[in-house]
Amino acid sequence: MITTADIFTISSHKQFEKTALKVFRFQHENNKVYRDFCDFLKTDVQQVKSLKQIPFLPIQFFKSHEVISNSDPAQVTFTSSGTTGMVTSRHLVTDVSLYEESYRKGFSQFYGNIEDYVVLALLPSYLERDGSSLIYMVEDLIKLSNQPESGFYLHNHDDLIKKLTELDESGQNVILIGVTYALLDLIEKHKFNLQNTIIMETGGMKGKRKEMIREELHEILCEGFGVNAIHSEYGMTELLAQAYSLGEGVFECPSWMHILVRDPEDALTYIQDGKTGGINVIDLANINSCSFIATQDLGKKNPNNSFEVLGRFDNSDIRGCNLMVL
């Protein structure tokens, strides 16, 4: 039996690997979709003795299958955003308290006590649809901050500009969490000089603006907000854990999350640190779904286990990841 304490009290890589292998065997036994995928790869479960031997489920499975490791009903279903007619991912979460514990402990690991901050959220494209795991998380962080000034903003930029300026000038610690295009819209309307505010972008233009390379984007945001660094959050519908970057686009994982980088030409092999490949995520909090996800993101891993996200595969780039999806 794997407990939440096994997951959220990991303190070493050896302990992480031991727990991950237990989770792998549990999910192989209890998750039919994952077991079928492993069988397709002719995986001998008894021979899987390291992280790199664990099969990683292509993230596209969440668009076509119910990826679940128990028979409990879903307490909440998170869905990905998508343009009209696009098939979106569905993540059935049978125990939402695992998600809550994951993002609460993850935030605390990187930023300390949530009550030290006013949390402002500028997430229009997420707020305007149902099923966003990001909105679920930010809404809870707003409540946990116990700050009456915390809250969501949609298109009321003037109110946000006034509030952000007043709070920052008063010396209040603030975190502004925003979708990238909305942050750019905000600084086009007003140039800030913030001293006590963390700007955290969640990535993505959502079709509203042309995509930009991170260095250019962060330079524009730093200039517009008057800050030295732009923080980022790396999470997705299919996961229950988030990695955070405190600047320069370098992400670090909480202790129950780990990144591997696969060869872009061969999804079943791995490449050395510093080389660009496909990002595989181990998220042990995702025990009731699948903890081993092959994403469509491109990135590279550093020797200290931090990582960078460099882009995405287009469909023509995905090789061995497609196996059972097609």
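Which of (1) farther than 16 Å from Asp283 by Cβ; (2) touching a Ser or Thr at 6+ places or on another chain (Cβ under 8 Å) is the odd one out, the single condition Pro55 does not satisfy?
In the conditions (1) farther than 16 Å from Asp283 by Cβ; (2) touching a Ser or Thr at 6+ places or on another chain (Cβ under 8 Å), Pro55 misses (1) alone.
Can you list residue pairs whose Cβ atoms sit under 9 Å apart, with the first residue in segment 126-146 being part of a loop (DSSP other than H, G, I, E, B) and the second being of a type in the set (D, E, K, R)? Count only pairs 6 or more apart in sequence or on different chains.
Gly131/Arg90; Asn146/Glu115
If you go through segment 11-22 one residue at a time, do you hit one that is modelled with pLDDT of 95 or more and not in a helix (DSSP H, G or I)?
The answer is yes, given that some residue of segment 11-22 is modelled with pLDDT of 95 or more and not in a helix (DSSP H, G or I).
Restricting to segment 43-101, and then to whatever is β-branched (Val, Ile, Thr) and part of a strand (DSSP E or B), can you tell me which residue is least open to solvent (accessible area, probe 1.4 Å)?
Applying the filter and picking the extreme gives Val93.
Give me the residue from segment 230-242 that is among the aliphatic types (A, V, I, L, M) and in contact (Cβ under 8 Å) with a residue 40 or more places away in the chain and, out of that set, surrounded by the fewest Cβ atoms within 10 Å (Cβ to Cβ).
Here the answer is Met236.
Which pairs have Cβ atoms under 7 Å, sit 6 or more apart or on different chains, and link a residue in segment 288-309 that is farther than 15 Å from Met236 by Cα and assigned to a strand (DSSP E or B) to one that is of a type in the set (Asp, Glu) and open to solvent by 40 Å² or more (accessible area, probe 1.4 Å)?
Lys301/Asp273
What number of residues in segment 159-187 are part of a helix (DSSP H, G or I) and either without any contact (Cβ under 8 Å) to a residue 12 or more places away in the chain or under 23 Å from Glu115 (Cβ atoms) (or both)?
10
When Leu122 is evaluated against the numbered criteria (1) open to solvent by less than 10 Å² (accessible area, probe 1.4 Å); (2) out of contact with any Phe, Trp or Tyr (no Cβ under 9 Å at 6 or more places or on another chain); (3) of a type in the set (A, V, I, L, M), which criterion, by number, is the only one it fails?
(2)
Asn146 versus (1) more than 23 Å from Leu239 (Cβ to Cβ); (2) open to solvent by less than 20 Å² (accessible area, probe 1.4 Å): which is the lone unmet condition?
With respect to (1) more than 23 Å from Leu239 (Cβ to Cβ); (2) open to solvent by less than 20 Å² (accessible area, probe 1.4 Å), Asn146 is out only on (2).
Among the residues of segment 23-33, write down those that are closer than 16 Å to Leu240 by Cβ and not in a loop (DSSP other than H, G, I, E, B).
Val23, Phe26, Gln27
Tally the residues that are of a type in the set (Gly, Ala, Ser), open to solvent by 40 Å² or more (accessible area, probe 1.4 Å) and at pLDDT below 95, restricting the search to segment 273-326.
1
Mind listing just one residue for me: the one in segment 254-264 that is surrounded by fewer than 22 Cβ atoms within 10 Å (Cβ to Cβ) and out of contact with any Gly (no Cβ under 8 Å at 6 or more places or on another chain) and, of those, farthest from Asp72 (Cα to Cα)?
Leu260
Do you know which residues across segment 226-257 are acidic (Asp, Glu) and in contact with a helix residue (DSSP H, G or I) (Cβ under 7 Å, 6 or more places away or on another chain)?
Hit for segment 226-257 is Glu238, nothing else.
Assuming Ser245 fulfils every condition listed in (1) open to solvent by 20 Å² or more (accessible area, probe 1.4 Å); (2) under 14 Å from the mean Cα position of the chain (by Cα); (3) under 22 Å from Ile10 (Cα atoms); (4) of a type outside the set (A, V, I, L, M, F, W, C) apart from one, which condition is it?
Here Ser245 meets the rest and fails (1).
For Phe26, which of the numbered conditions (1) at pLDDT below 95; (2) surrounded by 16 or more Cβ atoms within 10 Å (Cβ to Cβ) fails to hold?
(1)
Looking at this structure, is Asp116 touching a residue at least 24 places away in the same chain (Cβ under 8 Å), in contact with a helix residue (DSSP H, G or I) (Cβ under 9 Å, 6 or more places away or on another chain) and on the phi < 0 side of the Ramachandran plot?
Yes; evaluated as a whole, the condition is true for this residue.
For segment 243-270, give me the residue count where each residue is in a loop (DSSP other than H, G, I, E, B), out of contact with any Ser or Thr (no Cβ under 9 Å at 6 or more places or on another chain) and in contact (Cβ under 8 Å) with a residue 40 or more places away in the chain.
1
The values are calculated or read from the model by the stated rules, or taken from the named source; none is laboratory data. This is a predicted model, so every value here is computed, not measured. Using ideal geometry, Cβ is built from the backbone for each residue, glycine included, and neighbour counts are taken over all protein chains shown. The accessibility values were calculated without ligands, DNA or RNA, using every heavy atom of the protein model including side chains. Shrake-Rupley method; radii C 1.70, N 1.55, O 1.52, S 1.80 Å.
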